[in-house]
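Engineer: Just dropping this structure here.
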Amino acid sequence: MLRPSSKLANIGWINRRIKSRLPTYILATKPIFRSYAGSEDEYYRRRFAEERFKKDNPHISMVGTHKPVQSYIAIAVFLGAFIYIYYTYRYTPNQRVNQENRKREMRIALQQFLLKDLKVTDIVYIDIEEAGGVKGRIYIGLFGENVPKTVENFKQLIQKEKGGYKNSKIHRIIEDFVVQGGDITNGDGTGGLSSFENGAPFENESVIIPHFKYCVGMANKGPNTNASQFYITLSNDLERLNEQYVVFGRVMENSEKFIEEDVEVIPTNQNAAPLNPVIIKGCGSITLDDYQKLIKPVVPTVAQVVPEPEKKKKRKKKRVEITDEELEAMVPANYYTSFKDVDAGDSFDPDYYANLRAKLREEDELERSKTK
């Protein structure tokens, strides 16, 4: 058995210090446990000191045997790389398309579920007229039980002869996004006043109601800055507007066709403003009973001849390119730049999806021929 030399006589003193404070141990043992290339005698002395220390202090690990910080960083980098690769390549392009379709269907189902509790308490209308020939009426149902203050503000502005929506402009039309108006002060989307005292802006009453196609909401420049500007949505894929803007009504069914075929396709300039002025020539409110009578279908008698209505030609909208600077100036809150979909990225390949649709169509025809 190896015996410690006189050079290791201080080990007892070291062990006594270990029992009190670990930092003292680290300072005292540094000369003994350093790495070096010495003689065989020095090597065994070092081994003896290590074994003696382990035996007397089994609960203390050796100093310098591992580097925990570097180990944690390596583990974190490995896990991050694994998660990125897994979520990036776990789906084929076809599976990604199907997954997005399922998400969209679930989103629409959730919207329909939430909208079941919405009750139309009031109905108002606005008469739209464009210098280019578009003319029609839009009926809007208001959710007075869900957002009473916002509805009251909108109704007051509808009913005012002066200082309200009458003779104001529709200042912005973006296809598949919004029709925006209600700037009763400047007419270009930079102003607006509420119907309350001194035209002061008011708070976001409730942002629980989700956005859906042809809903009506209050435009603002930030939280709790609602005034008079409003918008009508033109798409179901605007969930990014949820919880930021107050939805207080919806376009009634008999007005949706007019918006889709006439208002949405009005030609606009680079700032999405109509080339010809679009004016709210008139506005007002009607009772629910009067509206039901209005939309009730008339059953003709035998003696009556009901001519078939002429099909209205859909006007082709002049598409324009919108620069980044012009989009940044959009009010309120840069809707288009903030919320447009950018998830497709550069990975979208139209030829791939065209070939995929053709292949699926051939498979469907083959299945039909087998079932005959």
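The values are calculated or read from the model by the stated rules, or taken from the named source; none is laboratory data. None of these values were measured; they are calculated from a predicted model. Ideal geometry is used to build each Cβ from the backbone, glycine not excepted, and the neighbour counts take in all protein chains shown.
Engineer: Take the residues in the range 245-283 that are part of a loop (DSSP other than H, G, I, E, B) and over 18 Å from residue 233 (Cβ atoms); name whichever of them is nearest to the chain's Cα centre (by Cα).
Structural biologist: 271
Engineer: Quick one: residue 254 ticks every box in (1) among the polar types (S, T, N, Q); (2) touching a helix residue (DSSP H, G or I) at 6+ places or on another chain (Cβ under 7 Å); (3) under 24 Å from residue 186 (Cα atoms) bar one, so which box is it?
Structural biologist: Unmet condition: (3).
Engineer: For the range 75-97, what are the residues that are surrounded by 10 or more Cβ atoms within 10 Å (Cβ to Cβ) and at pLDDT below 75?
Structural biologist: 91, 93, 94, 95, 96, 97 - these are the residues of the range 75-97 that are surrounded by 10 or more Cβ atoms within 10 Å (Cβ to Cβ) and at pLDDT below 75.
Engineer: Additional query: Quick one: count up the residues across the range 175-210 that are within 18 Å of the chain's Cα centre (by Cα) and either under 27 Å from residue 129 (Cβ atoms) or among the β-branched types (Val, Ile, Thr) (or both).
Structural biologist: So the answer is 6.
Engineer: A further question follows. Within the range 157-166, how many residues turn out to be touching a Gly at 6+ places or on another chain (Cβ under 9 Å), in contact (Cβ under 8 Å) with a residue 60 or more places away in the chain and part of a loop (DSSP other than H, G, I, E, B)? First the steps, then the outcome.
Structural biologist: Taking the range 157-166 first, the residues touching a Gly at 6+ places or on another chain (Cβ under 9 Å) are 157-159, 163, 165-166.
Those left that are additionally in contact (Cβ under 8 Å) with a residue 60 or more places away in the chain: 157-159, 165-166.
From the residues that got through so far, the ones that are part of a loop (DSSP other than H, G, I, E, B) too are 165-166.
The total comes to 2.
Engineer: State whether the residues of the range 208-224 include one that is out of contact with any strand residue (DSSP E or B) (no Cβ under 9 Å at 6 or more places or on another chain), free of Cβ contacts under 8 Å to residues at least 60 places away in the same chain and not aliphatic (A, V, I, L, M).
Structural biologist: Yes, some residue in the range 208-224 is out of contact with any strand residue (DSSP E or B) (no Cβ under 9 Å at 6 or more places or on another chain), free of Cβ contacts under 8 Å to residues at least 60 places away in the same chain and not aliphatic (A, V, I, L, M).
Engineer: Condition check: modelled with pLDDT of 95 or more and not in a strand (DSSP E or B). Does residue 154 satisfy that? Let's see the steps before the verdict.
Structural biologist: Details: modelled with pLDDT of 95 or more: yes; not in a strand (DSSP E or B): yes.
The answer is yes for residue 154.
Engineer: In addition: If only one of 108, 123 is surrounded by 15 or more Cβ atoms within 10 Å (Cβ to Cβ) and at pLDDT below 80, which one is it?
Structural biologist: 108
Engineer: Take the range 125-152 and flag every residue that is among the hydrophobic types (A, V, I, L, M, F, W, C) and over 26 Å from the mean Cα position of the chain (by Cα). I'd like the intermediate steps shown before the answer.
Structural biologist: Filtering the range 125-152 down to residues among the hydrophobic types (A, V, I, L, M, F, W, C) leaves 126, 128, 131, 134, 138, 140, 142-143, 147, 151.
Passing the criteria: 126, 128, 131, 134, 138.
Engineer: Being at pLDDT 65 or above, among the hydroxyl-bearing types (Ser, Thr, Tyr), loosely packed, with under 11 Cβ neighbours inside 10 Å and farther than 30 Å from residue 355 by Cα narrows it down to one residue among 36, 72, 43; which is it?
Structural biologist: Among 36, 72, 43, only 72 is at pLDDT 65 or above, among the hydroxyl-bearing types (Ser, Thr, Tyr), loosely packed, with under 11 Cβ neighbours inside 10 Å and farther than 30 Å from residue 355 by Cα.
Yes/no matrix, rows are residues, columns are (1) at pLDDT 95 or above; (2) within 22 Å of residue 139 (Cβ to Cβ); (3) surrounded by fewer than 22 Cβ atoms within 10 Å (Cβ to Cβ); (4) in contact with a Lys or Arg (Cβ under 9 Å, 6 or more places away or on another chain):
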residue: 169; (1), (2), (3), (4): no, yes, yes, no
residue: 203; (1), (2), (3), (4): no, no, yes, yes
residue: 210; (1), (2), (3), (4): no, yes, yes, yes
residue: 219; (1), (2), (3), (4): no, yes, no, no
residue: 223; (1), (2), (3), (4): no, no, yes, no
residue: 231; (1), (2), (3), (4): yes, yes, no, yes
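Engineer: Quick one: which residue in 188, 237, 176, 183 is among the charged types (D, E, K, R), in a loop (DSSP other than H, G, I, E, B) and surrounded by 24 or more Cβ atoms within 10 Å (Cβ to Cβ)?
Structural biologist: Of the residues listed, the single one that is among the charged types (D, E, K, R), in a loop (DSSP other than H, G, I, E, B) and surrounded by 24 or more Cβ atoms within 10 Å (Cβ to Cβ) is 183.
Engineer: Restrict the check to the range 310-329 and report whether at least one residue is at pLDDT 90 or above, outside any helix (DSSP H, G or I), in the same structural domain as residue 183 (by TED's automatic domain parsing) and touching a Ser or Thr at 6+ places or on another chain (Cβ under 8 Å). Working first, answer last.
Structural biologist: Here is the first cut: in the range 310-329, the residues at pLDDT 90 or above are none.
Looking for residues that are at pLDDT 90 or above, outside any helix (DSSP H, G or I), in the same structural domain as residue 183 (by TED's automatic domain parsing) and touching a Ser or Thr at 6+ places or on another chain (Cβ under 8 Å), one finds none in the range 310-329, hence no.
Engineer: I've got another one for you. Considering only residues that are assigned to a loop (DSSP other than H, G, I, E, B) and of a type in the set (D, E, K, R), look in the range 118-151 and name the one that is farthest from residue 196 (Cα to Cα).
Structural biologist: 119
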